[in-house]
Amino acid sequence: MKKLLTLAATVFFAAFTFAQVSADTADKAYKIMESTEDVLAYHGDYSATVSLVVEKPGKPKENLQYKIFERTDSKLMTIVQLFPEADKGVGYLRDDDNVWSYDPISRKFSHSSIKEALGDSDIKLDDVEQSKTKWRNNYEVESYEEGTLGKYPVDIITLKAKTTEPSYAKTKFYIRKDIALVLKQEDFSGSDRLMRTILIPKYSKVPAGYVSTQVIIRDELNKGEQTQQVISDLTFDTLPDKIFTKAYLEGLN
C-alpha cells in the first residue's frame, strides 16, 4: 500500500509539474510579452549603431560595432559591421524567414540563420529583432508567476519554443509591472540547462518609447565570458527600400 501511495503521489506531482497553464493565464502572459514590444522605441523603420565589448577570460577585450537597419512591420533587417577594420563590410540581410550573411572579401552570400551570433559576441540576430507576432507564433507559455527583482515587482514568464526559430528551447523573462520593460532574461537548453543570462539594468525614455542603454549578456557555459551592448545614433526616419537588398551590401565595398 505504501508503495502504491508513493507511486500515486509521484504520478500526481509529475502531472502537476507538466500541466499547461490555463488559456486565460497564457493569454495574459502573451499580452505582457507583446507589451514589452509596445513600450520600446522601435516601431516601423529605425536605424541604430550597436557597439559591443566582448570579454573572455585570458583574452583582451574585443570591441565590435555594427549598423542596424530594421523595418519591424515587414520582418526586414540589414546589419553591417563597422569595426574592427578587418571585418568592415561583413553584413547580414533578413527578409522574412530568409537570412543571408555577406562576406565582402569573397563578395559572396551564404544562407544563414536568425540564430547566428554577431561576430564573436554572445548576441544573436534574433535578439535584435522587434516583432509582436513572434511570441504567439513561436512560443507556448509554460508558466507565469509574480515576484520581485531588486526593487521592482515583476511578472515572471517562462516561454517554451514551439518552432525552430527561437535560439533557445526555453526562455524566462522578468518584466517590470509598472512599465513592461524586460529587466532580465534567462535562456535554457532542452534539458533545462541555463545557457545564457541577459541583464538590462538601464533604459532611457525618448519620444518614440524606451531604449535600453545598458545590456549585459553572460555566457553561462563559459564563466567569465560576457558581452556588453550600447546603442547610439538611434533614428526613426523612413528607410529607403534599397537598404534591405543584397545590392545594398554589395555596394558598400
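The values are calculated or read from the model by the stated rules, or taken from the named source; none is laboratory data. Note that this is a predicted model, so its numbers are computed, not measured. Neighbour counts are summed over all protein chains in view; Cβ atoms, including those assigned to glycine, are modelled from backbone coordinates with ideal geometry. All accessible areas refer to the heavy atoms of the entire protein, side chains included, with ligands and DNA or RNA removed. Shrake-Rupley method; radii C 1.70, N 1.55, O 1.52, S 1.80 Å.
From the list Asp126, Asp122, which one is of a type outside the set (Gly, Ala, Ser), closer than 20 Å to Gln229 by Cβ, at pLDDT below 85 and assigned to a helix (DSSP H, G or I)?
None of the other options fit; the residue is Asp126.
Report whether or not Tyr46 is part of a strand (DSSP E or B), surrounded by 16 or more Cβ atoms within 10 Å (Cβ to Cβ) and either on the phi > 0 side of the Ramachandran plot or touching a Lys or Arg at 6+ places or on another chain (Cβ under 9 Å) (or both).
yes
Go over the candidates Thr197, Thr133, Thr213 one by one and state the one that is among the polar types (S, T, N, Q) and either in contact with a Pro (Cβ under 7 Å, 6 or more places away or on another chain) or open to solvent by less than 20 Å² (accessible area, probe 1.4 Å) (or both).
It is Thr197.
Mind listing just one residue for me: the one in segment 106-119 that is in a strand (DSSP E or B) and at pLDDT 70 or above and, of those, surrounded by the most Cβ atoms within 10 Å (Cβ to Cβ)?
Phe109
Which pairs have Cβ atoms under 6 Å, sit 6 or more apart or on different chains, and link a residue in segment 231-253 that is without any contact (Cβ under 8 Å) to a residue 24 or more places away in the chain and part of a helix (DSSP H, G or I) to one that is small (Gly, Ala, Ser) and surrounded by 11 or more Cβ atoms within 10 Å (Cβ to Cβ)?
Correct list of pairs: empty, since none qualify.
Identify all residues within segment 77-102 that are surrounded by 14 or more Cβ atoms within 10 Å (Cβ to Cβ) and of a type in the set (Asp, Glu); write none if there are none.
Asp87, Asp95
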